Amino acid sequence: MAVIEISLAAARQSGPLQKRDWCTALEAGAILYFPHSPVRLRAEDIAFLLGQQQADSSLHKNIAYKPAADVLSGLDASASDSATATRLRSVMRGYSEAAATFVESFLEPYEGCLQRDYASFRPQEEQNRNLPVRKRNDLLHTDAFPTRPTGGARILRFFNNIHPERTRDWVVGEPFKKLVRQFAPAAIAPRPDTAVSRTAKGLARAVGLSAALPSVKRTPYDDFMMRFHNYLKENDSFQKDAPTERLRFPAGSSWMVFTDTVPHAVLAGQYALEQTFLVSRAAQVAPEHAPLTVLEELAGTALV
Ligand code: SIN
Ligand code: FE
(Lines give C-alpha, C1' and ligand atoms only; values in the text may rest on other atoms or scores of the structure.)
(Ligands and ions follow the chains in the order given, each with its own letter.)
Protein backbone atom coordinates (compact mmCIF):
# COMPACT_ATOMS: atom_id res chain seq x y z
CA MET A 1 0.00 0.00 0.00
CA ALA A 2 1.49 3.31 -1.08
CA VAL A 3 1.26 6.07 1.48
CA ILE A 4 2.57 9.33 0.08
CA GLU A 5 3.49 11.94 2.67
CA ILE A 6 2.91 15.54 1.66
CA SER A 7 4.18 18.55 3.59
CA LEU A 8 2.16 21.71 4.04
CA ALA A 9 4.46 23.56 1.66
CA ALA A 10 4.09 20.91 -1.04
CA ALA A 11 0.33 20.82 -0.51
CA ARG A 12 0.13 24.57 -1.11
CA GLN A 13 2.72 25.20 -3.78
CA SER A 14 2.87 22.29 -6.19
CA GLY A 15 2.67 22.75 -9.95
CA PRO A 16 0.31 21.23 -12.53
CA LEU A 17 2.44 18.15 -13.33
CA GLN A 18 2.79 17.27 -9.66
CA LYS A 19 -0.95 17.70 -9.18
CA ARG A 20 -1.65 15.35 -12.04
CA ASP A 21 0.73 12.77 -10.54
CA TRP A 22 -1.14 12.95 -7.27
CA CYS A 23 -4.46 12.29 -9.01
CA THR A 24 -2.89 9.33 -10.83
CA ALA A 25 -1.44 7.91 -7.62
CA LEU A 26 -4.75 8.32 -5.79
CA GLU A 27 -6.74 6.66 -8.57
CA ALA A 28 -4.23 3.78 -8.60
CA GLY A 29 -4.86 3.21 -4.86
CA ALA A 30 -2.41 5.41 -2.94
CA ILE A 31 -3.24 7.22 0.28
CA LEU A 32 -2.08 10.84 0.35
CA TYR A 33 -1.14 11.70 3.91
CA PHE A 34 -0.66 15.21 5.33
CA PRO A 35 1.11 15.14 8.73
CA HIS A 36 -0.10 18.73 9.24
CA SER A 37 -3.58 19.13 7.89
CA PRO A 38 -3.90 21.78 5.17
CA VAL A 39 -7.51 22.29 6.35
CA ARG A 40 -7.58 23.65 9.87
CA LEU A 41 -10.57 24.70 11.89
CA ARG A 42 -10.47 27.56 14.35
CA ALA A 43 -9.45 26.46 17.85
CA GLU A 44 -12.85 27.43 19.28
CA ASP A 45 -14.66 25.33 16.68
CA ILE A 46 -12.52 22.31 17.47
CA ALA A 47 -13.13 22.85 21.18
CA PHE A 48 -16.86 22.96 20.45
CA LEU A 49 -16.70 19.67 18.48
CA LEU A 50 -14.63 17.96 21.18
CA GLY A 51 -17.13 19.10 23.79
CA GLN A 52 -20.07 17.39 22.14
CA GLN A 53 -19.47 13.93 23.50
CA GLN A 54 -19.94 15.10 27.08
CA ALA A 55 -22.43 17.85 26.48
CA ASP A 56 -25.20 16.18 24.56
CA SER A 57 -25.93 12.47 24.40
CA SER A 58 -27.96 12.96 21.23
CA LEU A 59 -24.74 13.77 19.36
CA HIS A 60 -23.08 10.43 19.94
CA LYS A 61 -23.64 9.15 16.41
CA ASN A 62 -21.86 10.12 13.21
CA ILE A 63 -23.44 13.34 12.01
CA ALA A 64 -23.75 14.01 8.28
CA TYR A 65 -23.73 17.48 6.76
CA LYS A 66 -25.44 17.75 3.36
CA PRO A 67 -23.95 20.77 1.61
CA ALA A 68 -26.52 21.05 -1.19
CA ALA A 69 -29.37 21.51 1.29
CA ASP A 70 -27.21 22.98 4.09
CA VAL A 71 -28.68 20.54 6.63
CA LEU A 72 -27.43 18.07 9.23
CA SER A 73 -28.72 14.55 9.59
CA GLY A 74 -28.14 11.98 12.28
CA LEU A 75 -29.40 14.27 15.06
CA ASP A 76 -32.23 13.18 17.29
CA ALA A 77 -35.43 15.14 16.70
CA SER A 78 -35.08 16.68 20.17
CA ALA A 79 -31.67 18.12 19.27
CA SER A 80 -32.33 19.27 15.74
CA ASP A 81 -33.66 22.73 16.66
CA SER A 82 -31.28 23.44 19.50
CA ALA A 83 -28.59 26.11 19.66
CA THR A 84 -26.04 23.29 19.62
CA ALA A 85 -27.42 22.01 16.32
CA THR A 86 -27.29 25.49 14.81
CA ARG A 87 -23.67 25.90 15.86
CA LEU A 88 -22.78 22.41 14.69
CA ARG A 89 -24.32 23.10 11.30
CA SER A 90 -22.33 26.28 10.95
CA VAL A 91 -19.06 24.56 11.94
CA MET A 92 -19.75 21.71 9.51
CA ARG A 93 -20.61 24.15 6.72
CA GLY A 94 -17.29 25.90 7.32
CA TYR A 95 -15.36 22.62 7.35
CA SER A 96 -17.09 21.35 4.21
CA GLU A 97 -16.34 24.57 2.33
CA ALA A 98 -12.72 24.70 3.49
CA ALA A 99 -12.14 21.03 2.58
CA ALA A 100 -13.68 21.59 -0.86
CA THR A 101 -11.60 24.73 -1.48
CA PHE A 102 -8.40 22.88 -0.60
CA VAL A 103 -9.13 19.67 -2.50
CA GLU A 104 -10.32 21.51 -5.63
CA SER A 105 -7.08 23.41 -5.85
CA PHE A 106 -4.82 20.56 -4.68
CA LEU A 107 -6.34 18.12 -7.20
CA GLU A 108 -6.57 20.69 -9.96
CA PRO A 109 -7.08 18.16 -12.80
CA TYR A 110 -10.55 17.49 -11.30
CA GLU A 111 -11.44 21.18 -11.31
CA GLY A 112 -15.11 21.79 -12.05
CA CYS A 113 -15.80 18.02 -11.95
CA LEU A 114 -15.52 17.29 -8.24
CA GLN A 115 -18.99 16.76 -6.89
CA ARG A 116 -19.06 17.68 -3.21
CA ASP A 117 -21.03 15.00 -1.39
CA TYR A 118 -21.76 14.77 2.35
CA ALA A 119 -19.35 15.73 5.09
CA SER A 120 -19.38 13.93 8.43
CA PHE A 121 -18.43 14.45 12.06
CA ARG A 122 -17.38 11.24 13.84
CA PRO A 123 -17.41 11.93 17.59
CA GLN A 124 -17.55 8.31 18.77
CA GLU A 125 -14.73 6.12 19.97
CA GLU A 126 -14.33 3.67 17.09
CA GLN A 127 -13.01 0.80 19.17
CA ASN A 128 -15.74 -1.65 20.23
CA ARG A 129 -18.68 0.27 18.76
CA ASN A 130 -21.81 -1.78 18.91
CA LEU A 131 -23.19 -1.62 15.35
CA PRO A 132 -24.93 -4.04 12.97
CA VAL A 133 -22.38 -5.87 10.83
CA ARG A 134 -23.01 -3.94 7.58
CA LYS A 135 -22.60 -0.62 9.42
CA ARG A 136 -19.43 -1.63 11.24
CA ASN A 137 -16.40 0.33 10.05
CA ASP A 138 -13.91 -1.79 11.99
CA LEU A 139 -14.39 -4.55 9.40
CA LEU A 140 -12.33 -4.36 6.22
CA HIS A 141 -14.46 -3.12 3.30
CA THR A 142 -14.64 -0.99 0.19
CA ASP A 143 -17.20 1.83 0.27
CA ALA A 144 -20.60 1.91 -1.38
CA PHE A 145 -23.52 4.04 -0.22
CA PRO A 146 -26.81 2.20 0.36
CA THR A 147 -28.97 5.25 -0.36
CA ARG A 148 -26.70 7.11 -2.82
CA PRO A 149 -25.61 5.00 -5.79
CA THR A 150 -22.85 6.82 -7.69
CA GLY A 151 -23.66 5.52 -11.17
CA GLY A 152 -19.97 4.76 -11.74
CA ALA A 153 -18.42 7.92 -10.24
CA ARG A 154 -15.56 7.23 -7.83
CA ILE A 155 -15.67 7.93 -4.06
CA LEU A 156 -12.86 10.16 -2.81
CA ARG A 157 -12.71 10.90 0.93
CA PHE A 158 -10.73 13.51 2.80
CA PHE A 159 -10.28 12.97 6.56
CA ASN A 160 -9.12 15.14 9.47
CA ASN A 161 -8.13 13.62 12.79
CA ILE A 162 -9.17 16.41 15.16
CA HIS A 163 -8.47 14.48 18.38
CA PRO A 164 -6.03 16.60 20.42
CA GLU A 165 -3.68 13.67 21.13
CA ARG A 166 -4.69 10.28 19.85
CA THR A 167 -4.03 8.64 16.50
CA ARG A 168 -6.83 7.33 14.28
CA ASP A 169 -5.91 3.74 13.53
CA TRP A 170 -6.75 2.11 10.22
CA VAL A 171 -5.93 -1.10 8.50
CA VAL A 172 -5.88 -1.25 4.71
CA GLY A 173 -5.99 -4.33 2.51
CA GLU A 174 -5.01 -5.56 -0.91
CA PRO A 175 -6.18 -3.68 -4.04
CA PHE A 176 -9.75 -3.93 -5.34
CA LYS A 177 -8.54 -5.39 -8.63
CA LYS A 178 -7.07 -8.39 -6.83
CA LEU A 179 -9.92 -8.84 -4.35
CA VAL A 180 -12.59 -8.63 -6.99
CA ARG A 181 -11.00 -11.42 -9.06
CA GLN A 182 -10.88 -13.55 -5.95
CA PHE A 183 -14.29 -12.80 -4.48
CA ALA A 184 -16.64 -11.37 -7.12
CA PRO A 185 -18.30 -14.69 -8.02
CA ALA A 186 -19.07 -15.46 -4.38
CA ALA A 187 -20.12 -11.87 -3.64
CA ILE A 188 -22.88 -12.01 -6.24
CA ALA A 189 -24.01 -15.58 -5.63
CA PRO A 190 -27.64 -15.83 -4.53
CA ARG A 191 -26.98 -17.32 -1.11
CA PRO A 192 -26.89 -20.02 0.22
CA ASP A 193 -26.08 -21.51 -3.19
CA THR A 194 -22.30 -21.57 -3.44
CA ALA A 195 -21.94 -23.20 -6.85
CA VAL A 196 -20.96 -20.11 -8.78
CA SER A 197 -19.78 -19.67 -12.33
CA ARG A 198 -16.35 -18.05 -12.34
CA THR A 199 -16.71 -16.78 -15.86
CA ALA A 200 -17.07 -13.19 -16.86
CA LYS A 201 -20.50 -14.05 -18.22
CA GLY A 202 -21.49 -15.22 -14.78
CA LEU A 203 -20.65 -11.84 -13.29
CA ALA A 204 -22.53 -10.03 -16.03
CA ARG A 205 -25.62 -12.18 -15.58
CA ALA A 206 -25.56 -11.91 -11.84
CA VAL A 207 -25.22 -8.14 -11.58
CA GLY A 208 -27.95 -7.98 -14.20
CA LEU A 209 -30.27 -9.35 -11.51
CA SER A 210 -30.13 -5.99 -9.73
CA ALA A 211 -33.50 -4.96 -11.13
CA ALA A 212 -35.01 -7.50 -8.74
CA LEU A 213 -33.67 -5.69 -5.65
CA PRO A 214 -36.11 -3.44 -3.80
CA SER A 215 -35.97 0.25 -2.79
CA VAL A 216 -33.14 2.42 -4.16
CA LYS A 217 -32.73 2.25 -7.92
CA ARG A 218 -29.18 1.12 -8.60
CA THR A 219 -27.26 0.46 -11.77
CA PRO A 220 -25.74 -3.04 -12.06
CA TYR A 221 -22.44 -1.35 -11.11
CA ASP A 222 -23.88 0.12 -7.91
CA ASP A 223 -25.61 -3.13 -7.13
CA PHE A 224 -22.32 -4.99 -7.36
CA MET A 225 -20.43 -2.43 -5.26
CA MET A 226 -23.08 -2.62 -2.52
CA ARG A 227 -23.05 -6.42 -2.54
CA PHE A 228 -19.26 -6.46 -2.46
CA HIS A 229 -19.19 -4.11 0.55
CA ASN A 230 -21.63 -6.36 2.42
CA TYR A 231 -19.90 -9.55 1.33
CA LEU A 232 -16.50 -8.43 2.59
CA LYS A 233 -17.88 -7.35 5.97
CA GLU A 234 -19.81 -10.60 6.39
CA ASN A 235 -16.94 -12.87 5.30
CA ASP A 236 -15.31 -14.10 8.53
CA SER A 237 -12.36 -15.83 6.89
CA PHE A 238 -11.58 -12.75 4.80
CA GLN A 239 -11.73 -10.59 7.94
CA LYS A 240 -9.43 -13.01 9.76
CA ASP A 241 -6.95 -13.90 7.03
CA ALA A 242 -6.75 -11.01 4.55
CA PRO A 243 -3.28 -9.43 4.47
CA THR A 244 -3.50 -5.95 5.96
CA GLU A 245 -1.28 -3.08 6.85
CA ARG A 246 -1.82 -0.89 9.91
CA LEU A 247 -1.75 2.89 9.55
CA ARG A 248 -1.87 5.34 12.41
CA PHE A 249 -2.88 8.88 11.49
CA PRO A 250 -1.66 11.29 14.18
CA ALA A 251 -3.63 14.03 15.89
CA GLY A 252 -3.91 17.04 13.59
CA SER A 253 -3.20 15.09 10.39
CA SER A 254 -5.27 14.62 7.23
CA TRP A 255 -5.39 11.96 4.54
CA MET A 256 -7.27 11.35 1.30
CA VAL A 257 -8.06 8.10 -0.47
CA PHE A 258 -10.44 6.55 -2.99
CA THR A 259 -12.30 4.33 -0.53
CA ASP A 260 -14.23 2.54 -3.29
CA THR A 261 -11.08 0.56 -4.13
CA VAL A 262 -8.80 0.76 -1.10
CA PRO A 263 -10.16 -1.75 1.44
CA HIS A 264 -10.07 -0.06 4.83
CA ALA A 265 -11.28 -0.31 8.40
CA VAL A 266 -10.99 2.01 11.39
CA LEU A 267 -9.95 0.14 14.54
CA ALA A 268 -9.55 2.95 17.05
CA GLY A 269 -9.68 6.70 17.37
CA GLN A 270 -12.17 9.40 18.21
CA TYR A 271 -13.23 12.72 16.70
CA ALA A 272 -12.72 12.93 12.97
CA LEU A 273 -14.11 15.13 10.25
CA GLU A 274 -14.54 13.85 6.72
CA GLN A 275 -15.61 15.27 3.37
CA THR A 276 -16.66 12.99 0.51
CA PHE A 277 -16.34 13.86 -3.19
CA LEU A 278 -17.58 12.03 -6.26
CA VAL A 279 -15.28 11.95 -9.28
CA SER A 280 -17.00 11.20 -12.58
CA ARG A 281 -15.44 8.94 -15.17
CA ALA A 282 -14.88 11.90 -17.48
CA ALA A 283 -12.79 13.68 -14.83
CA GLN A 284 -10.54 10.73 -13.93
CA VAL A 285 -6.95 10.88 -15.12
CA ALA A 286 -6.43 7.09 -14.89
CA PRO A 287 -9.85 5.54 -15.59
CA GLU A 288 -8.23 2.14 -16.11
CA HIS A 289 -8.06 1.90 -12.29
CA ALA A 290 -11.73 2.75 -11.74
CA PRO A 291 -13.79 -0.08 -10.27
CA LEU A 292 -16.26 0.46 -13.09
CA THR A 293 -13.55 -0.26 -15.68
CA VAL A 294 -12.29 -3.29 -13.76
CA LEU A 295 -15.79 -4.74 -13.40
CA GLU A 296 -16.82 -4.03 -16.99
CA GLU A 297 -13.71 -5.85 -18.20
CA LEU A 298 -14.56 -8.78 -15.97
CA ALA A 299 -18.21 -8.80 -17.00
CA GLY A 300 -17.57 -8.11 -20.69
CA THR A 301 -20.49 -5.71 -20.74
CA ALA A 302 -21.51 -2.18 -19.75
CA LEU A 303 -22.64 -1.91 -16.11
CA VAL A 304 -24.06 1.63 -16.04
C1 SIN B 1 -14.92 4.29 6.84
O2 SIN B 1 -15.06 4.95 5.81
O3 SIN B 1 -15.04 3.08 6.81
C4 SIN B 1 -14.65 4.97 8.18
C5 SIN B 1 -13.30 5.52 8.28
C6 SIN B 1 -13.12 6.40 9.50
O7 SIN B 1 -14.12 6.84 10.08
O8 SIN B 1 -11.97 6.66 9.86
FE1 FE C 1 -15.60 2.94 4.66
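The values are calculated or read from the model by the stated rules, or taken from the named source; none is laboratory data. All figures in this text were calculated on a predicted structure; none of them were measured in a lab. Don't worry about glycine lacking a Cβ; one is built from the backbone with ideal geometry, like all the others, and counts go over all protein chains shown. Ligands, DNA and RNA are stripped out before the accessible areas are found, and what is left, the full protein with its side chains, is counted by its heavy atoms. Shrake-Rupley method; radii C 1.70, N 1.55, O 1.52, S 1.80 Å.
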*List, in order, the whole-Hz ³J(HN,Hα) value for each residue of the stretch 171-183 obtained from phi through the Karplus relation with A = 6.51, B = -1.76, C = 1.60 and θ = phi - 60°; use x for Gly and Pro.*
10, 10, x, 6, x, 3, 4, 6, 4, 5, 5, 6, 10
_Most positive-pole-ward Cα, 251, 230, 52, against dipole of the chain from beta carbon charges_ = 230
*Over the chain, what is the relative contact order in whole percent, taking alpha-carbon pairs under 8 Å and six or more residues apart?*
31
*Give a residue-ordered list of calculated ³J(HN,Hα) values for the stretch 255-265 (Karplus: 6.51 cos²θ - 1.76 cosθ + 1.60, θ = phi - 60°; whole Hz; x for Gly, Pro).*
8, 9, 6, 7, 7, 7, 10, 8, x, 8, 8
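Compute the signed sum of charges (Lys and Arg +1, Asp and Glu -1) over the other residues within less than 11 Å, Cβ to Cβ, of residue 284.
Neighbour charge sum, excluding residue 284 itself: 0.
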*For 19, 178, 66, write out the residues from largest to smallest accessible area, computed with a 1.4 angstrom probe and no ligands counted.*
178, 66, 19
*Within a Cβ distance under 14 Å of residue 6, other residues only, what is the Lys/Arg minus Asp/Glu net charge?*
0
*asked:* Two decimals, Cα atoms only, Kirkwood Rh: what is Rg/Rh over the stretch 58-180?
replied: 0.96
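Assuming R0 = 41 Å, what is the FRET efficiency of residue 183 and residue 20, from their Cβ-Cβ distance, to the nearest 0.05?
0.80
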*Simple spin-label model, 7 Å along Cα-to-Cβ: residue 10 to residue 66 in nm?*
3.8
*Once amide H atoms are built 1.01 Å from N in the peptide plane, which residues 5 or more positions from residue 247, or in another chain, come under 5 Å H to H?*
170, 171, 172
*What is the dipole size for the chain, taken about its Cα centre, with +1 at each Lys and Arg Cβ and -1 at each Asp and Glu Cβ, in debye to the nearest 20?*
460
*Residue by residue through the stretch 121-133, which ³J(HN,Hα) values in whole Hz follow from phi under the Karplus form 6.51 cos²θ - 1.76 cosθ + 1.60 (θ = phi - 60°), with glycine and proline marked x?*
10, 10, x, 7, 4, 7, 6, 6, 6, 9, 10, x, 3
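Quick check on my link table: of 19/178; 177/217; 135/240; 178/217, which ones sit more than 20 Å apart, alpha carbon to alpha carbon?
Flagged as over cut-off: 19/178; 177/217; 178/217.
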*Could you give the length gained on full extension between residue 147 and residue 245, defined as 0.36 nm per residue of separation minus the Cα-Cα distance, in nm?*
32.3 nm
*Express as a percent, rounded to the nearest 5, the fraction of DSSP beta bridges in the stretch 3-299 (both residues included) that run antiparallel.*
95
*Once you list every other residue whose beta carbon is under 14 Å from the beta carbon of residue 250, what net charge do they have if Lys and Arg are +1 and Asp and Glu are -1?*
+1
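What value, in deg cm²/dmol to 500, does the helix sum -39500 (n - 2.57) over DSSP H runs of n ≥ 4 give at 222 nm once divided by the residues of the chain? Working shown, then result.
Details: 9 runs with 105 residues, N = 304.
It comes out at -10500 deg cm²/dmol, rounded to the nearest 500.
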_Computed Kirkwood radius, in angstrom, where 1/r is averaged over Cα pairs of the stretch 3-299_ = 20.0
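Which order do 108, 126, 5 take by accessible area at a 1.4 Å probe, largest first?
So the residues, ranked largest to smallest area, are 5, 108, 126.
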*Difference of contour (0.36 nm per residue) and Cα-Cα distance, residue 129 to residue 167*: 12.0 nm
*Separation between the residue 111 and residue 50 pseudo-spin-labels, each 7 Å from Cα along Cα→Cβ, expressed in nm?*
3.7
